[in-house]
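Peer 1: Structure in structure tokens, see below.
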Amino acid sequence: MTNSMGEVEDTDVILITGSNTAECHPIIGRMVKRAVDRKRARLIVVDPREVELVKFARIWLRPSPGADIAWINAMVHVIIEEDLWDKEFVDRRTEGFEALRECVAQYTPERAERITGIPAGELRRAARRYAQAPRAMILYAMGITQHTTGTDNVKALANLSMLCGNIGIEGGGLNPLRGQNNVQGACDMGALPNVLPGYQPVHDEAVLTRFQQSWNTGVRLSDRTGLTVTEMLPAALEGKVRAMLIMGENPMLSEANTSHVRKALESLDFLIVQDIFLTETAQMADVVLPAASFAEKDGTFTNTERRVQRVRQALDPPGRAKADWEILCGLAQRVGRAIQARQAATVDGLGVPSPLARPFSHGYWDYKSSAEIFQELSALIPAYAGISYERLERGGLQWPCPNKYHPGTPVLHKDRFARGLGKFHAVEHVPPAEVPDEAYPFLLSTGRIRFHYHTGTMTRRSRGLNWIAPEGFIEMNPKDASELDVRDGERVRLVSRRGEITSRVRLTDRSPRGMIFSTFHFRESPVNRLTNDALDPTGKIPEFKVCGVRVERISEGGMQNS
Ligand SMILES: Nc1nc2c(c(=O)[nH]1)N[C@H]1C(S)=C(S)[C@@H](COP(=O)(O)OP(=O)(O)OC[C@H]3O[C@@H](n4cnc5c(=O)[nH]c(N)nc54)[C@H](O)[C@@H]3O)O[C@H]1N2
Ligand SMILES: Nc1nc2c(c(=O)[nH]1)N[C@H]1C(S)=C(S)[C@@H](COP(=O)(O)OP(=O)(O)OC[C@H]3O[C@@H](n4cnc5c(=O)[nH]c(N)nc54)[C@H](O)[C@@H]3O)O[C@H]1N2
Ligand SMILES: [Mo]
């Protein structure tokens, strides 16, 4: 997020798009409700589904899925046409405006209406509301990013935000609501294929040298970009990846097109899964390493507003489970010793250890505590330099926090952007990789409900949650259902080009005609058998939000009771 959660309650307009905020980000959802109730802010929701916050919205635009660039460009079109943009900001802080103006010239609200289904008049009203607000905040999540155009969708939103001077101010900004408690932290730590901790690129000589010296590796660190998860699986199928360690993911249920995932994992020579439960993925592993859960270990989480916070051990880990860092260190030391032994045996016969052996000599990967690891992090990540366990005792700190007297940074890009000037990107509407057709006439959209978390490994073990939400369902518009002669609660088969599942139907107007919504929480109706694994070329995220499916009735007495 460029800004902070609390600012939701101190702004003029909140535009939420592609996020079911009330169900998936309930704390922020409450803040939004409060801001609206107390008449502090006006809410614009742009979402194909009638999500809970629509009740609180002044304006609800209902685009067809996968058409975001069209409505965003049309809003930019209106704001330029009606001279509502922030010329001072655009002049001083940005570049590329002319290319943007040229591109959006073609996106009249009328043309956007044809692509998105949003009435042109409504779109104009929303554009004016957003542009005329002294401060306007954009919140977005997976409805924007989980598309083959996900990166361009975000760029289009960035255009809108910069055009109206909403970057670098309190109560403004472009705010991706990060889904997991620590996904921001994982990225900060370098759990990405192209950067070391702190987003420091692996191809930068100076960066590599600094890490090498600090880690005393003796040998050159690799400057090669690795693979994302969604690239590793196809690479496994091609035999390019032979072994895998999966830590805290359950791709057998969470990745798109899971029959592919199964084949990919089966084709590995060796699979290790490190999890707190024996998941569908762990059941396929050669070795399972039991990990301690969040309540059983010390560390930090970095939340959606870049706030680093302490997590403290409350329970002892069960059995032989260990904190993830302890398991990783143990693995690294053993791998190191194995390399050392091999080197010693083969290198020169004189018993001179190879330089490769050095990184794993005694004292390496030998941390005593998570506090010790954090000390290394703050030494190597400039944005974390001023953060320490000692300071965190007094509350969380938002990075960048460059020194120990720095109070942390609630708002990014105040005086300049990381790259200097903010860049406008001229982006064009492109349809999703697979759209409904005659054979697969419904659009399948997937996401979440309040009561379960992802693949259900944790929440489906909770009695209370299972009492409220015991089984999966597919949400369908009653008009579509009556055409198919499908009744509420009936079990149907859902088929895509990649697979099929059965699930119970829930009739509701929340989903528009032609669209079916399902969660991926239930292993009994594993919806990712159906989803499309086409990727965004930059973000490498699959198109979880759009694919074509058909609905088949299951004949009476047949599969119905299975
Ligand atoms: N209860 C619960 N909370 C969770 C999670 C959970 O599993 N359960 N998971 C967490 C994680 S990791 C994440 S990433 C977040 C996800 O948080 P969200 O992204 O808020 O959740 P989703 O259910 O994926 O909802 C996406 C929204 O996008 C809309 N949408 C679909 N297609 C489009 C489109 O083409 N354009 C637009 N503009 N909107 C579209 C959908 O209708 C839906 O309202 O939730 C987090 N919070
Ligand atoms: N169809 C569809 N698919 C989706 C999405 C969608 O919207 N639609 N959303 C995608 C998104 S945004 C996300 S984030 C992914 C989530 O996908 P996954 O991350 O694969 O799903 P989870 O069920 O959260 O899996 C987390 C695993 O970590 C384990 N775990 C929990 N705590 C710990 C720990 O401390 N240590 C270790 N080692 N393990 C632990 C849990 O038991 C669980 O098995 O799903 C993606 N898949
Ligand atoms: Mo996520």
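The values are calculated or read from the model by the stated rules, or taken from the named source; none is laboratory data. No experiment lies behind these values; they were computed from the predicted model shown. Here the Cβ positions follow ideal geometry from the backbone for every residue, glycine too, while neighbour counts run over all protein chains shown. Heads up: the accessible areas ignore ligands, DNA and RNA and are worked out on the full protein's heavy atoms, side chains in. Shrake-Rupley method; radii C 1.70, N 1.55, O 1.52, S 1.80 Å.
Peer 1: What's the percent breakdown of Cα-Cα distances in the stretch 124-169 across 5 Å bins, shortest bin first?
Peer 2: Taking all Cα pairs of the stretch 124-169, the binned fractions are 5, 21, 27, 22, 18, 7, 1 percent.
Peer 1: Separate question: In whole percent, what relative contact order does the chain give with Cα contacts below 8 Å and a gap of six or more residues?
Peer 2: Here the relative contact order equals 16 percent.
Peer 1: Can you tell me the relative contact order of the stretch 5-177? Whole percent, Cα pairs under 8 Å, sequence separation 6 or more.
Peer 2: 30 percent
Peer 1: Something else: Can you work out the PRE-style zone for residue 406? Point 7 Å along Cα to Cβ, and I want the residues of the stretch 163-196 with backbone N under 12 Å.
Peer 2: none
Peer 1: Report the calculated FRET efficiency for residue 344 and residue 538 (r = Cβ-Cβ distance, R0 = 35 Å), to the nearest 0.05.
Peer 2: Numbers: r = 44 Å, r/R0 = 1.26.
Calculated transfer efficiency: 0.20.
Peer 1: Per DSSP H run of n ≥ 4, the term is -39500 (n - 2.57); total these for the chain, divide by its residue number, and report the mean residue ellipticity at 222 nm rounded to 500 deg cm²/dmol.
Peer 2: -9000 deg cm²/dmol
Peer 1: Continuing with the same structure: Determine the distance separating the Cα centre of the stretch 493-562 from the Cα centre of the stretch 59-116; give it in Å without decimals.
Peer 2: Each part reduced to its Cα centre gives a spacing of 33 Å.
Peer 1: Still on this structure, I have one more. Compute the distance in nm between two label points, each set 7 Å from the Cα along the Cα-to-Cβ direction, one at residue 430 and one at residue 84.
Peer 2: 3.0 nm
Peer 1: Is the shape of the chain rounded, prolate or oblate, going by the alpha carbon gyration tensor and its root eigenvalues a ≥ b ≥ c, with a/c under 1.5 for rounded and a/b larger than b/c for prolate?
Peer 2: Oblate shape, in that a/c is at least 1.5 and b/c is the bigger or equal ratio.
Peer 1: Also, I was wondering about something else. Starting from the Cα-Cα distance between residue 335 and residue 227, subtract it from 0.36 nm times their residue separation and give me the gain in nm to one decimal.
Peer 2: Gain in length upon complete extension: 36.8 nm.
Peer 1: Through the Karplus equation 6.51 cos²θ - 1.76 cosθ + 1.60, θ set to phi - 60°, convert the phi angles of the stretch 368-379 into ³J(HN,Hα) values in whole Hz; use x for Gly and Pro.
Peer 2: 8, 7, 5, 4, 5, 5, 5, 4, 5, 4, 5, 6
Peer 1: Please give the contour-minus-distance gain from residue 206 to residue 91: 0.36 nm per residue of separation, less the Cα-Cα distance, rounded to one decimal in nm.
Peer 2: Between residue 206 and residue 91, full extension yields 38.0 nm more.
Peer 1: Let me ask you something else. How much accessible surface area, in Å² rounded to 10, belongs to the heavy atoms of residue 196 with a 1.4 Å probe?
Peer 2: The value for residue 196 is about 20 Å².
Peer 1: Straight distance only, please: which lysines reach the Cα of residue 39 with their own Cα at less than 19 Å, same-chain residues fewer than 8 apart left out?
Peer 2: 55
Peer 1: Also, quick follow-up: How would you rank 506-512, 365-371, highest first, on the average number of other Cβ atoms within 10 Å across their residues?
Peer 2: Packing proxy ranking, top to bottom: 506-512, 365-371.
Peer 1: In nm, to one decimal, how far is the residue 313 label point from the residue 34 one, both placed 7 Å along Cα→Cβ?
Peer 2: Placing both labels 7 Å beyond Cα along the Cβ direction yields 3.5 nm.
Peer 1: For residue 297, go through the lysines and keep the ones whose alpha-carbon is under 19 Å away, minus same-chain ones fewer than eight residues off.
Peer 2: Leaving aside lysines fewer than 8 places away in the same chain, those within reach of residue 297 are 322, 368.
Peer 1: At a Förster radius of 35 Å, what calculated FRET efficiency corresponds to the Cβ-Cβ distance of residue 270 and residue 493, to the nearest 0.05?
Peer 2: 0.45
Peer 1: So, one more: Residue 287 versus residue 437, label points 7 Å from Cα toward the beta carbon: distance in nm?
Peer 2: 4.6 nm
Peer 1: Same structure again: Explain nothing, just the number: relative contact order of the stretch 245-313, from Cα pairs under 8 Å at least 6 residues apart, as a whole percent.
Peer 2: It comes to 24 percent, rounded to a whole number.
Peer 1: Still on this structure: 5 Å is the cut-off here: which amide hydrogens, built 1.01 Å from N in the peptide plane, fall below it relative to residue 241, excluding neighbours closer than 5 in sequence?
Peer 2: Here 236 satisfy the definition.
Peer 1: Follow-up. Once phi is turned into θ = phi - 60°, what whole-Hz ³J(HN,Hα) does the Karplus curve with 6.51, -1.76 and 1.60 give for every residue of the stretch 189-197, x standing for Gly and Pro?
Peer 2: With the stated coefficients, the stretch 189-197 comes to 7, x, 7, 9, x, 10, 9, 8, x Hz.
Peer 1: Using 0.36 nm times the number of residues separating residue 298 and residue 240, minus their current alpha carbon distance, what extension gain do you get?
Peer 2: Stretched out fully, the residue 298 to residue 240 stretch lengthens by 17.3 nm.
Peer 1: Whose amide H sits under 5 Å from the amide H of residue 447, counting only residues 5 or more places off or on another chain, with H placed in the peptide plane?
Peer 2: The answer is 518, 519, 520.
Peer 1: With all protein chains present and a 1.4 Å probe, how do 463, 504, 92 order by accessible area, largest first?
Peer 2: Result of the area sort, largest leading: 463, 92, 504.
Peer 1: Further question on the same structure: Given 261, 283, 383, which one lies farthest toward the positive end of the charge dipole of the chain, if we put +1 on the Cβ of every Lys and Arg and -1 on the Cβ of every Asp and Glu?
Peer 2: 383
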